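These notes concern the structure reproduced below.
Derivation of every value follows stated rules applied to the coordinates shown; laboratory data play no part. Just so it is clear, the structure is predicted and the values come from calculations on it, not from any experiment. Note that we place each Cβ from the backbone using ideal geometry, even for glycine, and neighbour counts take in every protein chain shown.
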Amino acid sequence: MRRLNREFREIDRPTDVLSFPTGEPGFLGDIAVDVPYAARQAARRRHSLDREVKLLLTHGILHLLGHDHETDDGTMFRLQGRLVRKVFGPGPDGVPEDET
């Protein structure tokens, strides 16, 4: 995952999830999840790996749909929180504390 992050984003560190849009009609793109990274992150946040992977997939899909939490003043994270709670039920929503 570190290599992918370095190659595609020019950021030389591992990350939990990456999205790769294709631009092809009918196909959003690919999402890569670093499961060992996600497992450590889930343990640190005290929830299941299953929940963490669901959060990361939701996050990745939102990026494929064109959302960017680095530039949107919290819009993506608010949407992510609503979607996660609606689709996966109560629990962690993957939204950083300072973004709520």
Dipole magnitude of the chain, debye to nearest 20 (Cβ charges: Lys/Arg +1, Asp/Glu -1, about Cα centre):
520 debye
Restricting attention to the alpha-carbon atoms of the chain, what are Rg (one decimal) and Dmax (integer), both in Å?
13.5, 39
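To the nearest 0.05, what FRET efficiency results for ARG82 and HIS47 with a Förster distance of 22 Å applied to their C-beta separation?
0.75
For the chain, what is the relative contact order in percent, using Cα pairs closer than 8 Å and at least 6 residues apart in sequence?
Values: 118 pairs, mean separation 19.1, N = 100.
For the chain, the relative contact order is 19 percent.
Stick to the Cα atoms of the range 50-93, pair each with every other, and give me the Kirkwood hydrodynamic radius in Å at one decimal. Walk me through the intermediate numbers first.
On the way: mean 1/r = 0.0957 Å⁻¹.
This gives a value of 10.4 Å.
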